[in-house]
Every structure is written in structure tokens, then in C-alpha cells.
Amino acid sequence: MNYIPTHVRVNGSVRLCAMLVRGEDRYGHFDLIDPPAAERDPAALALHQRVSDRYRENYNEQVRRHEQQCAGVLA
């Protein structure tokens, strides 16, 4: 779990999700999601899986970018 201000954005092609915990989002850098309706709610669990998949996709993209940059430095 990370807490970040709404003006922060991800440097990548994958649009990530976030849950607004206070204030308002005037920037729109994330797809906002609602808190779960209940513990172990099937819809919330499915949403959590989609959010995790996007996060993983973004992470892998960042790793590839880093590896490409390092390969260029070493070449």
C-alpha cells in the first residue's frame, strides 16, 4: 500500500488504479476505485485482481525500460 498525493503520476503506458482516501482528485492520473462493500466481497476481490494485474504489468514495463537503459550504457 502506498499513499501518494493526487498530482503524482506514473511514467509508463499502464494506467493504474487508486483509492482516494481524502480530499479530491483534480489531476485524474489514476482510475479511481471505491472501497469494498464488504469483507471478501466477490466484486471487490475481482477488482483487486484487476488492480494487481495492472500494477504488475506496470512493474514489468519499468523493469524492461531499466534493463534497456542499462544495456545501452554497457554497450
* Asked: Looking at this structure, is Y55 outside any loop (DSSP other than H, G, I, E, B), touching a Leu at 6+ places or on another chain (Cβ under 8 Å), surrounded by 10 or more Cβ atoms within 10 Å (Cβ to Cβ) and of a type in the set (S, T, Y)?
  -> yes
* Can you spot a residue in region 53-64 that is touching a helix residue (DSSP H, G or I) at 6+ places or on another chain (Cβ under 6 Å), modelled with pLDDT of 95 or more and of a type in the set (V, I, T)? -> no
* Output the number of the condition that A37 fails; it satisfies all remaining conditions of (1) among the aliphatic types (A, V, I, L, M); (2) part of a loop (DSSP other than H, G, I, E, B); (3) touching a strand residue (DSSP E or B) at 6+ places or on another chain (Cβ under 7 Å). => (3)
* Structure fact -> Being at pLDDT 95 or above, among the basic types (K, R) and in a loop (DSSP other than H, G, I, E, B) narrows R9, R15 down to just R15
* To do: Could you figure out which of (1) modelled with pLDDT of 95 or more; (2) in a helix (DSSP H, G or I); (3) not charged (D, E, K, R) isn't true of Q69?
  => (1)
* Structure fact -> Note on R9: of the conditions (1) of a type outside the set (D, E); (2) surrounded by 11 or more Cβ atoms within 10 Å (Cβ to Cβ); (3) without any contact (Cβ under 8 Å) to a residue 12 or more places away in the chain, unmet is (3)
* Complete set of residues in region 12-52 that are exposed (fewer than 14 other Cβ atoms within 10 Å of the Cβ), among the small types (G, A, S) and more than 27 Å from R65 (Cα to Cα) -> G23, A37, A38, A43, A46
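The values are calculated or read from the model by the stated rules, or taken from the named source; none is laboratory data. Everything numeric in this text was worked out from a predicted model, so none of it was measured. Quick reminder, even Gly has a Cβ in these numbers, built from the backbone with ideal geometry, and neighbours come from all protein chains shown.
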